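The values are calculated or read from the model by the stated rules, or taken from the named source; none is laboratory data. Not measured: the values here are computed from a predicted model. Note that we place each Cβ from the backbone using ideal geometry, even for glycine, and neighbour counts take in every protein chain shown.
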Amino acid sequence: MGQTEVFIGSSQHHLISRGQGGDDNPINLVTLCGHGSVGCHGDMHGGLHSREKRQLIRKRLEEEPGQPRLNYLLSTIGEARLDRIYPQETQETLEI
């Protein structure tokens, strides 16, 4: 049976990275477990399950009442770039 990793602590993930012009505005931040290259935060930055984690972030943004973060991203980076960074789940993804 596989081992489960437990990460204590959390960190802020920039929806639009600082290197891409994102800032520390709370609407641009989400809290994730782990930090740097470990936990969910590490996965967001090219870890083994990066695409799946980004799809989960997108789903959560879409479920957020009033969708303030999703609207922020759409107005800041546009739909095409949003879809590249935070892809929507597809039927193919759900079957994996």
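Kindly indicate whether any position in segment 50-63 is outside any helix (DSSP H, G or I) and under 19 Å from GLU89 (Cα atoms). Working first, answer last.
Residues of segment 50-63 outside any helix (DSSP H, G or I): none.
Checked segment 50-63: no residue is outside any helix (DSSP H, G or I) and under 19 Å from GLU89 (Cα atoms).
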Here's a check for you: in segment 7-45, which residue that is assigned to a helix (DSSP H, G or I) and modelled with pLDDT of 80 or more is surrounded by the fewest Cβ atoms within 10 Å (Cβ to Cβ)?
GLY19
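Report yes if some residue within segment 48-59 is among the small types (Gly, Ala, Ser), modelled with pLDDT under 90 and in contact with a helix residue (DSSP H, G or I) (Cβ under 9 Å, 6 or more places away or on another chain); otherwise report no.
Within segment 48-59, the subset among the small types (Gly, Ala, Ser) is 50.
Pick out the ones that are also modelled with pLDDT under 90 and you get 50.
Imposing the further condition that a residue be in contact with a helix residue (DSSP H, G or I) (Cβ under 9 Å, 6 or more places away or on another chain) reduces the set to 50.
Yes, the conditions are met somewhere in segment 48-59.
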